[in-house]
1. Would you mind calculating the gained length between M126 and L28 on full extension (0.36 nm times residue separation, minus the Cα-Cα distance), in nm to one decimal?
2. What ranking of V73, V175, V51, V27 emerges when the number of other C-beta atoms within 10 Å of each C-beta is taken as an exposure proxy, fewest first?
3. By average Cβ neighbour count within 10 Å, what is the ranking of 85-92, 18-25, 127-134 from highest down?
4. Counting other C-beta atoms within 10 Å, which of T42, T143 has the fewest, and how do the rest follow?
Amino acid sequence: MSGIIGKSPDMRSGVIGAYPDGHILQVLHNNRTSGSFSTTSTTSAAISDLVLSITPKYTSSKIYILSNVHVYVTSHSADAWSAARFGISRTITGGSASTIWNSANAGVTDTYTFGQYVTDTTSREMGRTTISHLDSPSTTISTSYQITLASSQSTGYNVMSDYSHAYSEITLMEVAG
């Protein structure tokens with residue numbers, strides 16, 4: 001015996017073979033600085049540039065989704081709310097997309113994430129909206145998360161995620177659970 005005490009290559013934060021709950025295992029980021037996505041539909045549509053895939057290391061892992069989206073509402077009725085509704089969809093490789101969060105299923109009475117009351121048809125609204133959600137995909141298969149956008153009004157106001165005025169981004173963090 002040499003008397004030298006060393007660390008096992010399997011040791012992580014004092015626990016052999018496992019990370020403690022809450023430990024960040026990986027972080028991925030997508031930042032959009034050009035282009036745009038526009039819709040007048042009240043049905044959520046995927047913003048093609050705000051998507052990111054992650055392959056969780058463990059089925060017990062949680063995925064924390066954080067997105068900052070620049071929004072621009074370009075047309076609307078006078079004397080009414082002008083608003084946009086965002087959401088998050090998840091696609092596990094080999095499956096179909098499913099909505100895992102939007103303002104309607106978050107218990108919000110008025111189902112918009114960004115809005116402003118306007119008194120005329122020439123006003124324009126622009127701002128950034130932060131969206132966050134903690135998901136439990138229960139898989140180690142590649143999983144894609146995508147931000148969705150819809151007009152919140154039945155009159156179909158034009159809403160867009162426009163990167164020419166400000167950037168939009170999505171970040172995924174795998175959290176040991």
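1. Result: 32.6 nm gained on full extension.
2. V27, V51, V175, V73
3. 85-92, 127-134, 18-25
4. T42, T143
The numbers here are math on the coordinates, done by the rules we state, and not lab data. Since the structure is predicted, the reported quantities are computational estimates derived from the model, not experimental observations. As a convention, Cβ positions derive from the backbone with ideal geometry for all residues, glycine included, and neighbour counts pool all protein chains shown.
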